[in-house]
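K.L.:
To start, I am sharing the structure in question, which I have written as structure tokens.
The values are calculated or read from the model by the stated rules, or taken from the named source; none is laboratory data. Just so we're clear, the structure is a prediction, and the values are computed from it rather than from any experiment. Backbone-built Cβ (ideal geometry, glycine too); neighbour counts: all protein chains shown. Only protein heavy atoms, including side chains, enter the accessible area calculation; ligands, DNA and RNA are left aside. Shrake-Rupley method; radii C 1.70, N 1.55, O 1.52, S 1.80 Å.
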Amino acid sequence: MRTRKIPLRKCVACQEMMPKKELIRIVRSPSGEVSIDLTGKKSGRGAYLCGKVDCFRLAKKTKALDRALKHPVGADIYDQLEREFIAVEDEFLAGKEREADDE
Ligand SMILES: [Zn+2]
């Protein structure tokens with residue numbers, strides 16, 4: 001028997017360690033485009049945030065994404081990501097509930 005390790009990642013806003021699937025990944029592609037990556041498979045430098053818009057707002061306020069992505073993220077990009085984040089939050093939470101129902 002092999003113990004299965006749950007991969008943990010740190011939310012860049014509240015600094016909490018969480019299982020990877022509880023977090024939403026933000027990725028900066030090699031071409032410099034910052035986007036939300038629900039699949040976790042996009043290439044580029046990633047940063048993780050709890051699936052809560054509160055945490056996104058905190059990251060925006062503290063510019064946590066700038067540091068995590070090692071690149072300045074413009075205010076307009078934060079605004080755009082915030083809208084996307086709100087849109088995917090429901091989908092993300094619904095996905096987690098579906099998983100819970102399976103158990
Ligand atoms: Zn967080």
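K.L.:
I'd like the orientation of helix 75-102 relative to the chain: the angle between its Cα long axis and the longest Cα principal axis, in ° from 0 to 90, rounded to 10.
P.N.:
For helix 75-102, the angle is close to 10 degrees.
K.L.:
While we're here: When only Cα pairs under 8 Å and 6 or more residues apart are kept, what is the percent relative contact order across segment 8-102?
P.N.:
Values: 124 pairs, mean separation 23.8, N = 95.
It rounds to 25 percent for segment 8-102.
K.L.:
Also: Using amide H atoms built in the peptide plane, which far-off residues or other-chain residues are under 5 Å from L69 H to H?
P.N.:
none
K.L.:
For E33 and T62 in the same chain, what is the full-extension length gain: residue separation times 0.36 nm, less their Cα-Cα distance, in nm?
P.N.:
Net length gain for the segment: 8.4 nm.
K.L.:
If I fit a long axis through the Cα atoms of helix 53-62 and take the longest principal axis of the Cα atoms of the chain, what angle between them do I get, 0 to 90°, rounded to 10?
P.N.:
Taking the Cα atoms of the chain, the angle to 53-62 is about 40 degrees.
K.L.:
Taking the Cα centroid of segment 61-103 and of segment 1-56, what is the distance between the two, rounded to the nearest whole Å?
P.N.:
If you average the Cα positions of each part, the centres end up 9 Å apart.
K.L.:
Here's another thing I want to ask about it. Kindly state, to the nearest 0.05, the FRET efficiency for V53 paired with T3, given R0 = 30 Å and r defined as their beta-carbon distance.
P.N.:
Details: r = 34 Å, r/R0 = 1.15.
So, using R0 = 30 Å, E works out to roughly 0.30.
K.L.:
Another question, then. How much of D76 can a 1.4 Å solvent probe reach, expressed as accessible area in Å² and rounded to 10?
P.N.:
Approximately 110 Å² of D76 is accessible to the 1.4 Å probe.
K.L.:
Note down the nm distance, to one decimal, between modelled labels 7 Å out along Cα→Cβ at A75 and at E89.
P.N.:
So the two model labels end up 2.2 nm from each other.
K.L.:
Next question. Given the protein chains as shown and a 1.4 Å probe, how many square angstrom of S43 are accessible, to the nearest 10?
P.N.:
Number for this one is 80 Å².
K.L.:
While we're on this one: Could you pull out every residue, at least 5 positions away or on a different chain, whose amide H is within less than 5 Å of the one on A13? Hs are placed 1.01 Å off N in the peptide plane, and Pro or chain starts have none.
P.N.:
Result for A13 returns C50.
K.L.:
Further, regarding this structure: If we count trypsin sites (Lys or Arg not before Pro) as exposed when they sit in a DSSP loop and have at most 14 other beta carbons within 10 Å, what is the longest stretch of the chain that avoids them all? Working shown, then result.
P.N.:
Details: sites that count: R2, R4, K5, K41, K63, K70.
No qualifying site falls inside 6-40, the longest such stretch.
K.L.:
Here is a follow-up. Just by accessible area at a 1.4 angstrom probe, what is the order of Y78, Y48 from largest to smallest? Show your work: numbers first, answer last.
P.N.:
Values: Y78 5, Y48 35 Å².
Correct descending sequence by accessible area is Y48, Y78.
K.L.:
Given Cβ point charges of +1 (Lys, Arg) and -1 (Asp, Glu) and nothing else, what value in debye, to the nearest 20, does the dipole of the chain about its Cα centre take? Show your work: numbers first, answer last.
P.N.:
Numbers: 22 positive and 18 negative charges, 165 e Å.
Computed charge dipole of the chain: roughly 800 debye.
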